[in-house]
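The values are calculated or read from the model by the stated rules, or taken from the named source; none is laboratory data. Being a predicted model, the structure only gives us computed values, none of them experimental. Backbone-built Cβ (ideal geometry, glycine too); neighbour counts: all protein chains shown. Protein only, heavy atoms only, side chains kept; ligands, DNA and RNA dropped before computing areas. Shrake-Rupley method; radii C 1.70, N 1.55, O 1.52, S 1.80 Å.
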Amino acid sequence: VLQAMGLFSEGVRSGRIRGCMGRAFTDVVSIGIGGSDLGPAMAVRALAPYHDGPRCHFVANVDGADLGDLLLRLDPETTLFLVVSKTFTTQETMTNACSARAWIVDVLGAAALQDHFVAISTNREKAIDFGLSPERIFGFWDWVGGRYSVWSAVGLSLMMAIGERSFAAFLAGAHAMDRHFVEAPLHENMPVIMALIGIWYRSFLNYPAYAVLPYDQRLARFPAYLQQLDMESNGKSVDSAGATVSYPTGPIVFGEAGTNGQHAFYQLIHQGNTIIPCDFLLAANPTHASDAHHLVLSANCFAQAEALMRGKTEAEVRTELAARGGASETIERLVPHRVFGGNRPSNMLLYRQLDPAMLGRLIALYEHKIFVQGVVFDVNSFDQWGVELGKELATLLLPMLVDRQQLTEKDASTSGLVHTYHAMRS
Ligand code: G6Q
């Protein structure tokens, strides 16, 4: 599959594989959701400096604004769609894929489908039913979970963006971390250490959340990616034997690229009454030209870690306010507001530069960390019934929104919503 991906992506990148009107592809639109979106969308953005292929866009949401707004900017003759869906049945993805197909067929005719669509799926039959030729279907295996699938054909958009060689470097970086995880003694094993620290915070100290804070604009989607990786894997409350667990399992994961978060939610991390451990991520060298910006960014990153660790004592606040000449009454009123408890934990992941190999290592590091936590929590990190329930209920509800006569008795809250929705629709 990797070879087939390489051949195809180099064909598109070189202009050998073209649209039905003979024009080279300028834009690739990857349609997928969840595990079939977050990995490649995050990685394409992260590796922007290595991007020398066609422009890549990602459509996940079934909200028509996602696809519709994008199509306004594209030319069907030079657009290639990748439909990324392990099952090829996901409602959001199939709705978007059908609309994209109609967009192509309306302008270029039904025969254009074969040239302008590619499927990435384990379900060949469904992809063929959709109208794709078998040689435009890139497979993977049913044991590859969506959120762990960026390394597979699901990463085709990334390969098209950065090329086969850089994609190989991305895989090699991940492989290096895999080897480290397998071979390093436990006390030097990065995923194991991070996992155990996380379990200490979550299950023993009861900290509910943890923040991922990349001081790297290119990793802006990394928190969202990790949020799925962690919360979908370990957000479970029964153990592998089906018994209810008696301890907290996976934490709430959130984050934002630094320094933006500092001006938003860091307040709670510094002074809120919940302790939120943080992972800071920083490259020593930027992947852009402005070192001056990078030094400011780096200073902010280290300053935040320092502030969380050290805090600010009452005595320090008093001295500071006195130096500014405040009246003692005012100082006493202000002191409690300006004290920082400190001793708030963080990890600092400092790396040389965000290149493809480094990104591969980073992702694999977190994958193994989450795996270790799943083993210790004794939960099944590889199912996601929470996602499935939503899928089932939405499928049952859709006919009731299409036609109010279809409304069967639901609970009072849901049928009330459906009635009000119908009444409000013009
Ligand atoms: C990931 C989850 C979920 C899945 C999507 C898309 O681990 O299983 O996010 O990736 O629901 O599923 P399909 O790839 O089957 O469309």
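In the full protein context, region 290-426 carries 62 Å² of accessible surface per residue, based on a 1.4 Å probe and ignoring ligands, DNA and RNA. Amide H to amide H distances under 5 Å link ILE252 with ALA209, TYR210, where only residues 5 or more positions off or on other chains count and H is placed in the peptide plane. Across region 133-145, coupling constants 3J(HN,Hα) worked out from phi with the 6.51/-1.76/1.60 Karplus curve, θ = phi - 60°, read 7, x, 6, 9, 10, 9, x, 9, 10, 5, 7, 8, x Hz, and Gly and Pro carry x. Note on THR313 and PHE265: the extension gain reaches 15.1 nm, defined as 0.36 nm multiplied by sequence separation minus the Cα-Cα distance.
The Cα center of region 291-331 and the Cα center of region 345-370 differ in position by 29 Å.
Within the full protein context, the accessible area of TYR207 is estimated at about 40 Å² for a probe radius of 1.4 Å. Report the residue, chosen from LEU156, LEU113, LEU295, that carries the largest GNM mean-square fluctuation when the chain is represented by alpha-carbon nodes joined by springs under 10 Å. Comparing LEU156, LEU113, LEU295 in a Gaussian network model of the chain, the most mobile one is LEU295. Accessible area per residue for region 1-89, computed on protein heavy atoms with a 1.4 Å probe, is 40 Å². Using the alpha-carbon centroid of each, what span in Å lies between region 221-287 and region 1-59? Value for the Cα centre distance between the two parts: 30 Å.
Treating r as the C-beta distance of ARG165 and ARG352 and R0 as 22 Å, the FRET efficiency rounds to 0.70. When the chain is treated as a Gaussian network with alpha carbon springs shorter than 10 Å, the biggest mean-square fluctuation among LEU108, LEU213, LEU226 belongs to LEU108. Going 7 Å from the Cα of ARG23 along its beta-carbon direction, which residues of region 53-92 have the amide nitrogen within less than 16 Å of the resulting point? In region 53-92, the label zone of ARG23 (backbone N under 16 Å from the point 7 Å along Cα→Cβ) covers 54-55, 71-81. Calculate how steeply helix 91-108 sits against the longest principal axis of the alpha-carbon atoms of the chain, using the helix alpha-carbon long axis, and give the answer as 0 to 90 degrees to the nearest 10. Roughly 50 degrees, rounded to the nearest 10. With a simple spin-label model that places each label point 7 Å from the Cα along the Cα-to-Cβ direction, the separation between ASP66 and HIS337 comes to 4.3 nm. Taking the longest Cα principal axis of the chain as reference, the axis of helix 385-402 is set at about 60 degrees. Relative to the current alpha-carbon distance between ALA4 and ASP239, full extension at 0.36 nm per residue lengthens the span by 80.6 nm. In this simple spin-label model, placing a label point 7 Å from the Cα along the Cα-to-Cβ direction at both THR274 and ASP403 gives a separation of 4.5 nm.
Expressed as a whole percent, the accessible surface of the chain that belongs to carbon and sulfur atoms is 56, based on a 1.4 Å probe.
Sorting 194-203, 40-49, 137-146 by average packing, meaning the other beta carbons within 10 Å per residue, from highest down gives 40-49, 194-203, 137-146. If you run the Gaussian network model on the chain, springs between alpha carbon atoms under 10 Å, then out of GLN406, GLN373, GLN91 the most flexible one is GLN406. Ordered from largest to smallest accessible area (heavy atoms of protein chains, 1.4 Å probe), the residues VAL107, VAL402, VAL29, VAL238 come out as VAL402, VAL107, VAL238, VAL29. In nm, to one decimal, how far is the modelled label at VAL375 from the one at TRP143, with both set 7 Å along Cα→Cβ? Distance between the two pseudo-spin positions: 1.6 nm. In the context of the full set of protein chains, residues of region 112-153 present 42 Å² of accessible surface per residue (probe radius 1.4 Å, heavy atoms only). Per-residue Karplus couplings for region 295-302, computed as 6.51 cos²θ - 1.76 cosθ + 1.60 with θ equal to phi - 60°, are listed in order as 5, 5, 4, 5, 4, 5, 4, 5 Hz, Gly and Pro entered as x.
Note on SER290 and VAL182: the extension gain reaches 35.1 nm, defined as 0.36 nm multiplied by sequence separation minus the Cα-Cα distance. For the chain, the share of DSSP beta bridges that are antiparallel, to the nearest 5, is 10%.
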